[in-house]
Protein chains: 2
Amino acid sequence: MLMGHRTWLFGNSPVIISTGTVGGPFEANGNIPNDIDILHEDMWLNQDSFEKAQQMMMEEACQHAIKNSQIEKEQVSFFISGDLINQITPTSFTAKTLGVPYFGLFNACATSMESLALSAMIINGNGANYILSGASSHNAATEKQFRYPTEYGGQKPPTAQWTVTGAGCVLLAKEGTGPMVTSATIGKVVDMGMTDPFNMGGAMAPAAVDTISSHLRERGIDASYYDLIITGDLGHIGREVSLDLFHKNGIEIDENKYVDCGLTIYREGQPVLAGASGAACSAVVTYGHFLNKMKKGELNRILVVATGALHSPLSIYQKDPIPCIAHAVSIESGSDTL
Amino acid sequence: MLMGHRTWLFGNSPVIISTGTVGGPFEANGNIPNDIDILHEDMWLNQDSFEKAQQMMMEEACQHAIKNSQIEKEQVSFFISGDLINQITPTSFTAKTLGVPYFGLFNACATSMESLALSAMIINGNGANYILSGASSHNAATEKQFRYPTEYGGQKPPTAQWTVTGAGCVLLAKEGTGPMVTSATIGKVVDMGMTDPFNMGGAMAPAAVDTISSHLRERGIDASYYDLIITGDLGHIGREVSLDLFHKNGIEIDENKYVDCGLTIYREGQPVLAGASGAACSAVVTYGHFLNKMKKGELNRILVVATGALHSPLSIYQKDPIPCIAHAVSIESGSDTL
């Protein structure tokens, strides 16, 4: 169960029996539209606010996952989720609609794997039969809260990233067929003194390296055990910084097997600066794109490392540096042949 | 383990081996100063901001709990906590100082018991040896964010409540001597259409009743099993509304054994309107006052039901009602004689 200081090995292998992923117009025009279950043509989804639109997407992702499974919503023990909006209201209002007992989380863009790790721990410990685990974000709602309303048209430096509009969730079960959650390593807060809210990738890279190296050490494996190591939203900057840090720390990482959700969801030509970000980025890309590849037998073992920057607009005004965190969860098909 | 739909019975009885509680000047002048480990004379704690002062108090509570136990900080597996401030920055910066792997939570003033339930589940499932579990709040930081800066001197109706300035945490362990966490019931979001941000007690009462009645039903006991049923911060209004609802639902509750942390921490004469509130309220009063009574043999079995209002200033502006939640955790001494 507990391996080393902060790695869990799930002996009862909780199973992902179904998934639900939702995206907006930018994601529909991106790299992996066929891997996203529901795509919307506008950012409003006929709602009065961007926050309500985000709530709708999280509800759709959950309802899609339930519809795709053979179970009823009333059988779901818990909904474990969070988002970036103040007091995570899109998630709490989703919990109200679902009517499922609810744990609200906040670890910024690392929330998806914070949720999956906790969900797997609860199921592995016989604390639930089925859990809905996921995260959401919305570009316009996030920009309005963290930077400027998008209508303001503020210019951004090339190190900035583009928040994904979407939601992704899994239905985790004690038994059934599907990819299994086999282990997790919980992140520590890592703060290298970065203060630029327009360079999240650079700030989060050390946290990703800290969690990945602890995972490999505590699980007693090396990076080649995984077909892919997938970071959440380091983007171009964070990816390069992390590769440098791996190299400096003597950790062998095959660059071809080290990918980033933020560099996967959008096409090369889309105006997304250093790449995608947002709590939905790792959720939509993992639960849509990479799990589809696993179901097609193209991947057997992946390590998903969601990365989060734990600042707030207020902490930036108060001249605090940006503390970051990364949580790693391994998902395995159970097969050894590709 | 899982009893009914959302109640956990912890067969391995995680143990509270030590606690740490901190308060400010209002709490020092309140009803239970002797039950609070560290009391501060001002709201600033020599910091540049109220948020930083809140962070200091959470750090002090954690360090006090560690100091009072026989273990080292490096043996603590996880820090599981949250607060009311946007992006829970006081908690995340505390996690950075502690250097302990971290799960960030948000369920408003229900966060303390959300954390204790998750911590007990993880320890019960052999996922950790020691966990720091707690919550914090700060009157001036919260007022500034949710209503008006206190310096503004805005008037409040009698239904309003006074946010506790403080922090409370426990060090939970697999074994050792101390009160045991024996069960937990996870709340659903309950929304009765209340829209007044100055009447949290009234809004949260239905959620408390929902969780308490589910707990009693799923655990197959009645209210008399507990020496006390303790709500987090319903205050005068919420307490009365909940008693009416219990009565309407045919649930027998002995009023003398049904208390509220929000009506415990301050003296009758203090200007706190309908009572105390805040994520620290249930943490400080439970981990200070009620656990001290348990250690003195005055209480054997208590059910702590932290209550949270899940709105944000933005959701109120957008005319949303206030969704609420309550999580219940039972703490027992293991003895049957008072």
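The values are calculated or read from the model by the stated rules, or taken from the named source; none is laboratory data. Quantities reported herein were computed from a predicted structural model and do not represent experimental measurements. Backbone-built Cβ (ideal geometry, glycine too); neighbour counts: all protein chains shown. Calculation scope for accessible area: heavy atoms of the full protein, side chains included, ligands and nucleic acids excluded. Shrake-Rupley method; radii C 1.70, N 1.55, O 1.52, S 1.80 Å.
All told, B:Phe106 meets the bar of being within 23 Å of A:Met113 (Cβ to Cβ), at the interface with chain A (Cβ under 7 Å from one of its Cβ atoms) and at pLDDT 95 or above.
Could you tell me which residue of the range B:74-99 is nearest to A:Phe106 (Cα to Cα), considering only residues that are of a type in the set (A, V, I, L, M) and within 7 Å of another protein chain (Cβ to nearest Cβ)? Lay out the reasoning, then the answer.
Narrowing the range B:74-99 to residues of a type in the set (A, V, I, L, M): B:76, B:80, B:84-85, B:88, B:95, B:98.
Applying the additional criterion that residues be within 7 Å of another protein chain (Cβ to nearest Cβ) yields B:88, B:95.
Numbers: B:Ile88: 8, B:Ala95: 13 Å.
For the range B:74-99, the residue satisfying everything is B:Ile88.
Applying the set (1) away from chain B (no Cβ under 14 Å); (2) open to solvent by 10 Å² or more (accessible area, probe 1.4 Å) to A:Glu218 leaves exactly one unmet item: (1). When the range B:263-295 is filtered for residues that are out of contact with any helix residue (DSSP H, G or I) (no Cβ under 9 Å at 6 or more places or on another chain) and surrounded by fewer than 20 Cβ atoms within 10 Å (Cβ to Cβ), the ones remaining, listed by number, are B:Arg267, B:Glu268, B:Gly269, B:Pro271, B:Lys295. Counting the residues of the range A:52-70 that are within 20 Å of the chain's Cα centre (by Cα) and open to solvent by 10 Å² or more (accessible area, probe 1.4 Å) gives 7.
Could you tell me which of the residues A:Gly334, A:Gly308, A:Gly288 is within 14 Å of chain B (Cβ to nearest Cβ) and under 30 Å from A:Asn12 (Cβ atoms)? After ruling out the rest, the residue left standing is A:Gly308. Checking each residue in the range A:1-43 for being under 13 Å from A:Ala120 (Cβ atoms) and either within 14 Å of chain B (Cβ to nearest Cβ) or assigned to a loop (DSSP other than H, G, I, E, B) (or both) picks out A:Met1, A:Thr7, A:Trp8, A:Leu9, A:Phe10, A:Gly11, A:Asn12, A:Ser13, A:Pro14.
This table checks each residue for (1) surrounded by fewer than 24 Cβ atoms within 10 Å (Cβ to Cβ); (2) farther than 21 Å from B:Asp320 by Cα; (3) within 13 Å of chain A (Cβ to nearest Cβ); (4) within 20 Å of the chain's Cα centre (by Cα).
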| position | (1), (2), (3), (4) |
| --- | --- |
| B:Pro158 | yes, yes, no, no |
| B:Gln161 | no, no, no, yes |
| B:Gly176 | yes, yes, no, no |
| B:Ser213 | yes, yes, no, yes |
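Of B:Ile88, B:Ile123, which residue is touching a Leu at 6+ places or on another chain (Cβ under 6 Å) and either among the polar types (S, T, N, Q) or open to solvent by less than 10 Å² (accessible area, probe 1.4 Å) (or both)? Don't jump to the end; show me each part of the working.
Values: B:Ile88 fails: touching a Leu at 6+ places or on another chain (Cβ under 6 Å).
Selected residue: B:Ile123, the only one of B:Ile88, B:Ile123 that is touching a Leu at 6+ places or on another chain (Cβ under 6 Å) and either among the polar types (S, T, N, Q) or open to solvent by less than 10 Å² (accessible area, probe 1.4 Å) (or both).
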